[in-house]
Amino acid sequence: MLVPQGFAHGFSVISETAVVLYKCDQYYNKQSEGGIRFDDAQLNIDWGMDLKDAIVSDKDLILPDFASCNSAF
């Protein structure tokens, strides 16, 4: 799957294990990172699981909601 630069993307693993590999078009640059809160009510994404059971990284838990991100662009 190709995700063009600047597009939001995410995934949900509902199996016991998973391996996710990806390539980027540039070297990692923390200052250029961005994101949208995974459980944003406006996006209403069905992740295929009860969100109270989701294991989410600390980095992703502090992301802003879509409305806040959208106003920045």
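Values in this text are rule-based calculations from the coordinates and carry no lab data. Every value quoted in this text rests on a predicted model; they were computed, and no experiment measured them. When we count neighbours, we look across all protein chains shown, and the Cβ atoms used for this are built from the backbone with ideal geometry, even at glycine.
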Based on the Cα gyration tensor of the chain, what are the three equivalent ellipsoid semi-axes, each the root of five times an eigenvalue, rounded to whole Å and given largest first? 21, 18, 12
Cα-centred dipole magnitude for the chain, charges only on beta-carbon of K, R (+1) and D, E (-1), debye, nearest 20: 280
When only C-alpha pairs under 8 Å and at least 6 residues apart count, what is the relative contact order of the chain, in percent? 36
Pairwise label distance in nanometres, I45 with K30, each label 7 Å out on the Cα-Cβ vector: 2.3
Between S12 and S57, with labels modelled 7 Å along Cα→Cβ, what's the label distance in nm to one decimal, could you check? 2.0
